[in-house]
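**Student:** Below are the C-alpha cells for one structure; questions will follow.
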C-alpha cells in the first residue's frame, strides 16, 4: 500500500519538477545570450566593461554545462583581449573555444574562432599562421554561405598581406570587403574597410589617395572609438609625411585620447611611435627618445613584433644622428635579427604552400563527397538489380504457372501479357543502369588520373619554389653582407682618418700663423690644401654610403633655386667668381622628386664639368636645359670648352678611373651623380659629342 502511495505522488510531482528545471535552463540560456550580445556591442568602445560581461557569460555557461554557449563565451573573452592588445590571451582563449567547437563539429563557431586566431597571430608577426587561420575561416564562410563576419574576415586577410608589404594584394581584399559592406549598408564595416584601403596608399606614399579614403571615413557618423581612432591616426600620418607637423599633431592627439579611453595598448604604442618620428624629423632627439621608449615598453608588453620592428628602426636612426654609434649598431643588429624572424627564408614558400594546402584539402573534401555519391549510386544500382532479379524470378514462376494452367480464363491471359510487357521494360532499364554504371567507373578513373597529375605538379612546384628560395636567400645574404661591409668601411675610415686630419689642419693653421719664411709657408699652404682635399673626399665617401639608405621624400622642385645655389657653392669651393652657368627651363615646368638627391646631382655634375676643362682655355658658359615630356624629364648639361676622349666615355662614372685621375679627381663627383640618378629610377650618359662635354640625364615622372 505504501509503495502505491509513493508511486502515485511521483506521477503527480515529477512532471512539475521537470518543467521547472527546463524553464530555468531556458531562462539561463537567454541570459547568457544577452550577455554575449552586450559584449559584442560595446567591446570596441568600452573593452573593460565588455570583459566583465564576457566573463559573467562564461561562468553561467559553465554552470549550465552547455558546450556551445561555453565555446561562444570563450571566443568573446578572446575577442575582448584582442581589442585590449593582449594577443597571448587571445590565442589561449580562442584555442579553448576552438577545441570545443571541433568536438561539436559546429562550423559556425569554428569559423569565428579561426578568424580571431588569425588576427592575433597577424598582430604578433606570425603571418604564416595568421594567413592559414584566416583562409580557413573564409572558406568555411563561403561553404556555409554566411554573410555575417565576411567583411571582417576579408579585411583581416588583407591586413596580413599589408604587413608582408604586398600592398596590391592587400588592397584587392580591402576593396572587396568595402563592396560587401556597402551592399550591407553597414557604416561600421565601411569605416573599417576604407581605413585599411587608405593605409595601403599611405604605405606606397600616395598621400592624395590615402587622404581621400581617410576623409571619407571621417564623414561617417558612427559611435566607434576604435576605428575612429584609426582614421585620425591615418590623417596624422598623411600630414606628417607632408611635413605639416602642426596639423599632424592635432590628429595624433585625437587618436591617442580615444585609444586611452578604450585601453587599446597597440594603438597607444603606435601613436607614441608617430610622435617620436615627428620629433626625430624636427631633430628634437630627446623628445623623440622619450616617446619611442613609451612605445617600445607597450609593444614588448603585448608582444607586437611588427611594432617592435618599426621602433628598432627608428632607434637606430636617432642614435646614429646623435652620434651614439654603439647604440645605433645595437638596434640595427636587433632590427636585422627581428627581420629574420618576421621574414625568414621559408616565408614565401610557406605562404604559397598554405594556399596549395587549403586548396588540396578542399579538393580532397570534394573528392570524398563525390565518392560517397558514387557509393550511394552503386548501392542503388545493386538494389535495382536485386529488384530486377526478383521480378525475373516472379516472371519465371508466373510463366511456369501459365504453362501448367493453360486453361485459365481470358482475364489471366491478359494479365500475362501485361507482365510480359513489364519484363521488356525492366530489361531496358537494366541495360540503361549497366551503361550508367560503366560511365561512373570511367569518371572515377578520370578523377584518379587527374589527382595523380595534380600530385606530380605539386611536387614539381615545391621543388621549383625550394630552389628559387635557396637562390634568393644566398643572393640576399651576399648583398646584405656587402652593404654592411661597405658602410662599416666608410664609417670606420672616416672616423679613423678625420681625427688625424683635423690635427693636421690645425697644425697647418698654427704654422701659417707662426712661420714667416716664404718657402716654409708655401709648403704649409700646399699641405693645408691637400688636407682640405682629403677632408672633401671623406665627406663624399660618406655621401656615397648615405645615398643607398636615404628615404626618398618627394616635394615640388624649384630647379632655378637649386641650380643657382649649386653654382654659388662651386664658385666658393673653386675660388673662381668667373664660373658661369646658364639654364633653360620649360615654361610652367612642374616636377616632383627628392630635393636632396637633385641638389647632389646638380652640384657634383657642375663641379665635374668644371674640373674636366682645360686650364689654358677661355671661360665659357655651362648650359643646362630641362625639358619634360609625357613620361620623363630630360636634363642636358653641355660645356663647349672641353670634350671627352672616346676612351673616357665608358669609365667616367667609376671610382678611381684613369679619366678621373687625368682631370685631378678620384671620380667621386660623377659616381655620386650616377648613384643619385639610379636611386630616383633614372639614367645618365656621357655622349660622344665632338669638341665639347655633353651629359644627358633622364628622370621618371613620379
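For (1) at pLDDT 85 or above; (2) surrounded by 24 or more Cβ atoms within 10 Å (Cβ to Cβ); (3) in contact with a strand residue (DSSP E or B) (Cβ under 8 Å, 6 or more places away or on another chain); (4) within 23 Å of residue 268 (Cβ to Cβ), each residue gets a yes or a no:
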site: 74; (1), (2), (3), (4): yes, yes, no, no
site: 80; (1), (2), (3), (4): yes, yes, no, yes
site: 104; (1), (2), (3), (4): no, no, no, no
site: 116; (1), (2), (3), (4): no, yes, no, yes
site: 128; (1), (2), (3), (4): no, no, no, no
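A quick yes/no check of all residues on (1) surrounded by 13 or more Cβ atoms within 10 Å (Cβ to Cβ); (2) within 60 Å of the chain's Cα centre (by Cα):
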| site | (1), (2) |
| --- | --- |
| 380 | no, yes |
| 384 | yes, yes |
| 389 | no, no |
| 392 | yes, no |
| 399 | yes, no |
| 407 | no, no |
| 410 | no, no |
| 430 | yes, no |
| 437 | yes, yes |
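**Student:** Kindly indicate whether any position in region 292-313 is out of contact with any strand residue (DSSP E or B) (no Cβ under 6 Å at 6 or more places or on another chain), free of Cβ contacts under 8 Å to residues at least 24 places away in the same chain and farther than 25 Å from residue 254 by Cα.
**Tutor:** yes
**Student:** Residue under question is residue 462, and the condition is that it be in contact (Cβ under 8 Å) with a residue 40 or more places away in the chain, assigned to a helix (DSSP H, G or I) and surrounded by 10 or more Cβ atoms within 10 Å (Cβ to Cβ); does it hold? Give the derivation first.
**Tutor:** Details: in contact (Cβ under 8 Å) with a residue 40 or more places away in the chain: yes; assigned to a helix (DSSP H, G or I): yes; surrounded by 10 or more Cβ atoms within 10 Å (Cβ to Cβ): yes.
So residue 462 fits the description; yes.
**Student:** Taking region 584-602, which residues are modelled with pLDDT of 90 or more and more than 24 Å from residue 241 (Cα to Cα)?
**Tutor:** If the condition is that a residue be modelled with pLDDT of 90 or more and more than 24 Å from residue 241 (Cα to Cα), then 584, 585, 602 are the ones that fit.
**Student:** Can you tell me which residue in region 179-204 is modelled with the lowest pLDDT, limited to those that are under 20 Å from residue 131 (Cα atoms) and over 15 Å from the mean Cα position of the chain (by Cα)?
**Tutor:** The initial filter retains those residues of region 179-204 that are under 20 Å from residue 131 (Cα atoms), namely 192-193, 196-197, 199-200.
Within this subset, residues satisfying the condition of being over 15 Å from the mean Cα position of the chain (by Cα) are 192-193.
Working: 192: 89, 193: 92.
Ranking the candidates gives 192 first.
**Student:** Can you pull out the residues in region 540-564 that are assigned to a helix (DSSP H, G or I), modelled with pLDDT of 85 or more and closer than 19 Å to residue 677 by Cβ? Break it down stepwise before answering.
**Tutor:** Taking region 540-564 and keeping what is assigned to a helix (DSSP H, G or I), we get 540-549, 559-564.
If we keep only those that are modelled with pLDDT of 85 or more too, we end up with 559-564.
Correct list: 559, 562, 563.
**Student:** Return the pair list, or none, for Cβ contacts closer than 8 Å from residues in region 55-74 that are free of Cβ contacts under 8 Å to residues at least 24 places away in the same chain to residues that are crowded, with 17+ Cβ neighbours inside 10 Å and assigned to a helix (DSSP H, G or I), at least 6 apart or on different chains.
**Tutor:** Filtered contacts from region 55-74: 55/77; 56/35; 58/70; 58/73; 58/74; 58/77; 62/70.
**Student:** Go through region 541-589 and give me each residue that's on the phi > 0 side of the Ramachandran plot and more than 40 Å from the chain's Cα centre (by Cα). Step through it out loud before you land on a result.
**Tutor:** Within region 541-589, the subset on the phi > 0 side of the Ramachandran plot is 575, 588.
Residue satisfying the conditions is 575 alone.
**Student:** Among the residues of region 223-242, which ones are free of Cβ contacts under 8 Å to residues at least 60 places away in the same chain and surrounded by fewer than 16 Cβ atoms within 10 Å (Cβ to Cβ)?
**Tutor:** Across region 223-242, the qualifying residue is only 242.
**Student:** Being touching a helix residue (DSSP H, G or I) at 6+ places or on another chain (Cβ under 6 Å) and either at pLDDT below 80 or in the same structural domain as residue 371 (by TED's automatic domain parsing) (or both) narrows it down to one residue among 452, 487, 477, 470; which is it?
**Tutor:** Working: 452 fails: touching a helix residue (DSSP H, G or I) at 6+ places or on another chain (Cβ under 6 Å); 477 fails: touching a helix residue (DSSP H, G or I) at 6+ places or on another chain (Cβ under 6 Å); 470 fails: touching a helix residue (DSSP H, G or I) at 6+ places or on another chain (Cβ under 6 Å).
Sole residue among the options that is touching a helix residue (DSSP H, G or I) at 6+ places or on another chain (Cβ under 6 Å) and either at pLDDT below 80 or in the same structural domain as residue 371 (by TED's automatic domain parsing) (or both): 487.
**Student:** Moving on. Report, ordered by the first and then the second residue, all pairs with beta carbons closer than 7 Å, sequence separation of six or more or different chains, a first member in region 378-395 that is in the same structural domain as residue 437 (by TED's automatic domain parsing), and a second member that is at pLDDT below 90.
**Tutor:** The qualifying pairs are 381/433; 381/437; 384/433; 388/426; 388/430; 391/426; 395/419; 395/423.
Residue-by-condition table, conditions (1) buried (at least 17 other Cβ atoms within 10 Å of the Cβ); (2) at pLDDT 90 or above; (3) on the phi > 0 side of the Ramachandran plot:
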residue: 279; (1), (2), (3): yes, yes, no
residue: 328; (1), (2), (3): yes, no, no
residue: 352; (1), (2), (3): no, no, no
residue: 361; (1), (2), (3): no, no, no
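**Student:** Right, next: Would you pick out the residues in region 623-652 that are closer than 14 Å to residue 585 by Cα and modelled with pLDDT under 90?
**Tutor:** Step one: filter region 623-652 for residues closer than 14 Å to residue 585 by Cα, giving 623-629, 633-637.
The answer is 628, 629.
**Student:** I would also like to ask the following. Is it true that residue 570 is modelled with pLDDT of 80 or more, closer than 22 Å to residue 676 by Cα and either assigned by TED's automatic domain parsing to the domain that holds residue 695 or in a helix (DSSP H, G or I) (or both)?
**Tutor:** When the stated conditions are applied, residue 570 passes them.
**Student:** Being outside any helix (DSSP H, G or I) and surrounded by 14 or more Cβ atoms within 10 Å (Cβ to Cβ) is the filter here, so list the residues in region 297-323 that pass it. Working first, answer last.
**Tutor:** To start, the set of residues in region 297-323 that are outside any helix (DSSP H, G or I) comprises 303-304, 322-323.
Those that are outside any helix (DSSP H, G or I) and surrounded by 14 or more Cβ atoms within 10 Å (Cβ to Cβ): 303, 304, 322.
The values are calculated or read from the model by the stated rules, or taken from the named source; none is laboratory data. Keep in mind it's a predicted model, so treat the numbers as computed, not measured. Positions of Cβ are generated from backbone atoms using ideal geometry, with glycine treated the same way; all protein chains shown enter the neighbour counts.
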